[in-house]
Amino acid sequence: MSIGRKTRLSRIIKDGKILLLAMDQGLEHGPKDFNERNINPDFVLDIAVKGGFTGLAIQKGVAYHYMKDYAGQVPLILKLNGRTSIVPKDNIYSSPVATVKEAVALGADAIGYTLYVGSPQEARMFKEFGQIRAECEEYGMPTIVWAYPRGMHVKDEKDPATIAYAARVALELGADIVKVNYTGSVDSFRGVVAAAQKCKVISAGGSKQTDAEFIAKAKEVMDAGAIGFAVGRNVWQSDRPLDIAAKLKKVVFGK
């Protein structure tokens, strides 16, 4: 591991834990995820700063237009690929939309990359991520893989064994951190963490839940051995986003 990668990881991992605020939903889901407040990236980026998040995961357009006002206040994780929800999931593919060089120019401390494990497009995405991973090595840039079992060959994308397989794929392909969906129980999620080994596991926030449901889930995720979260809607769709951020921060960091 290069000095650059160690330094960058130390900016997004605090006391061995990580708490990312994600706002890549504008590309992935479209405007339906937003209301008149949170459709404005400034609203979400302000939460990232005031809520004490250790990183902010966004696409390059939002970083280009908005991040200059928040540079130095919250580390940037730049998503390097993406898709819309318009295309059917059977043959799901997330295409590269930015480069490692652009991530460096925008001041990123890590890159995010989605892999749809089990998709008919799997080999294509693996090859493209391999090229990205090699460039990251040159620049000392950590990689965070969004590993989601999805596509016509995946019978149940919520199956714990399949999620564990996706986590293992992230390790095998060289990711530093893997983001997966929660499996629904502490025991089954421990299996995911075990599969990933030295590739650290974080949980996706998932669909919008009540604050109480989400915090209960967060406690289970941490009990299973994950190092944190990449959460979006369950924070910035909340009526009291900084309150839920504070509760989540206490669960993740224990203070």
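The values are calculated or read from the model by the stated rules, or taken from the named source; none is laboratory data. Note that the structure is a prediction, hence the values are computed from the model and not measured. Methodologically, a virtual Cβ is constructed for each residue, glycine included, from the backbone with ideal geometry; neighbour enumeration extends over all protein chains shown.
Here's the yes/no breakdown for (1) in a helix (DSSP H, G or I); (2) within 22 Å of Gly206 (Cβ to Cβ); (3) at pLDDT 95 or above; (4) not β-branched (Val, Ile, Thr):
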residue	(1), (2), (3), (4)
Lys32	yes, yes, no, yes
Asp42	yes, no, yes, yes
Phe53	no, yes, yes, yes
Ala57	no, yes, yes, yes
Ile92	no, yes, yes, no
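Could we say that Ala246 is touching a residue at least 60 places away in the same chain (Cβ under 8 Å) and part of a helix (DSSP H, G or I) here?
In short, yes.
How about region 136-224: which helices (runs of 4 or more DSSP H) wholly inside it have at least 1 residues that are touching a strand residue (DSSP E or B) at 6+ places or on another chain (Cβ under 7 Å) and farther than 21 Å from Met125 by Cα?
Result: 186-196, 211-223.
Any idea which residue in region 225-236 is nearest to Arg37 (Cα to Cα), counting only those that are under 14 Å from the mean Cα position of the chain (by Cα) and either in a strand (DSSP E or B) or of a type in the set (Gly, Ala, Ser) (or both)?
Gly232
Mind telling me which of the residues Tyr116, Tyr66 ends up being outside any loop (DSSP other than H, G, I, E, B), among the hydroxyl-bearing types (Ser, Thr, Tyr), closer than 18 Å to Leu27 by Cα and touching a helix residue (DSSP H, G or I) at 6+ places or on another chain (Cβ under 6 Å)?
On inspection, the qualifying residue turns out to be Tyr66.
One residue is enough: does region 142-151 have a residue meeting the conditions within 17 Å of Arg5 (Cα to Cα) and hydrophobic (A, V, I, L, M, F, W, C)? Walk me through it before giving the result.
Just the residues of region 142-151 that are within 17 Å of Arg5 (Cα to Cα), to begin with: 142-145.
Within this subset, residues satisfying the condition of being hydrophobic (A, V, I, L, M, F, W, C) are 144-145.
Yes.
Name every residue in region 1-42 that is more than 15 Å from Leu76 (Cα to Cα) and among the acidic types (Asp, Glu), in order of residue number.
Once the filter is applied, which keeps residues that are more than 15 Å from Leu76 (Cα to Cα) and among the acidic types (Asp, Glu), region 1-42 yields Asp15, Glu28, Asp33, Glu36.
Show the residue pairs that are 6+ apart or on different chains and have beta-carbon atoms under 9 Å apart, the first residue being within region 150-171 and within 24 Å of Ser85 (Cβ to Cβ), the second being aromatic (Phe, Trp, Tyr) and assigned to a loop (DSSP other than H, G, I, E, B).
Cβ pairs passing all conditions: Gly151/Tyr93; Ile163/Tyr182.
Residue pairs, Cβ under 6 Å, 6 or more apart or interchain, first in region 9-29 and more than 15 Å from Val201 (Cβ to Cβ), second of a type in the set (Lys, Arg) and at pLDDT 95 or above. List them.
If the second residue must be of a type in the set (Lys, Arg) and at pLDDT 95 or above, the pairs left are Asp24/Lys79.
Do you know which of the residues in region 1-23 that are in a loop (DSSP other than H, G, I, E, B) and at pLDDT below 95 is surrounded by the fewest Cβ atoms within 10 Å (Cβ to Cβ)? Please lay out each step first, then the result.
Of the residues in region 1-23, the ones in a loop (DSSP other than H, G, I, E, B) are 1-2, 13, 15-16, 23.
This time we only want the ones that are at pLDDT below 95, so: 1-2.
Numbers: Met1: 10, Ser2: 13.
Here the residue is Met1.
From the list Val180, Val186, Val192, which one is modelled with pLDDT of 95 or more, buried (at least 23 other Cβ atoms within 10 Å of the Cβ) and farther than 18 Å from Ser119 by Cα?
Working: Val180 fails: farther than 18 Å from Ser119 by Cα; Val186 fails: buried (at least 23 other Cβ atoms within 10 Å of the Cβ).
Only one candidate qualifies: Val192.
Looking at Pro96, is it within 23 Å of Pro31 (Cα to Cα) and modelled with pLDDT under 95?
no
Residue pairs, Cβ under 7 Å, 6 or more apart or interchain, first in region 122-142 and over 13 Å from Thr99 (Cα atoms), second modelled with pLDDT of 95 or more and assigned to a helix (DSSP H, G or I). List them.
Here the result reads Gly140/Arg8; Pro142/Arg8; Pro142/Leu9, each pair linking region 122-142 to a residue that is modelled with pLDDT of 95 or more and assigned to a helix (DSSP H, G or I).
Taking region 210-255, which residues are within 25 Å of Ala164 (Cβ to Cβ) and touching a Lys or Arg at 6+ places or on another chain (Cβ under 7 Å)?
First, the residues of region 210-255 that are within 25 Å of Ala164 (Cβ to Cβ): 213-234, 248, 251-252.
Matches in region 210-255: Ile215, Ala224, Gly225, Ile227, Gly228, Ala230, Arg233, Asn234, Val251, Val252.
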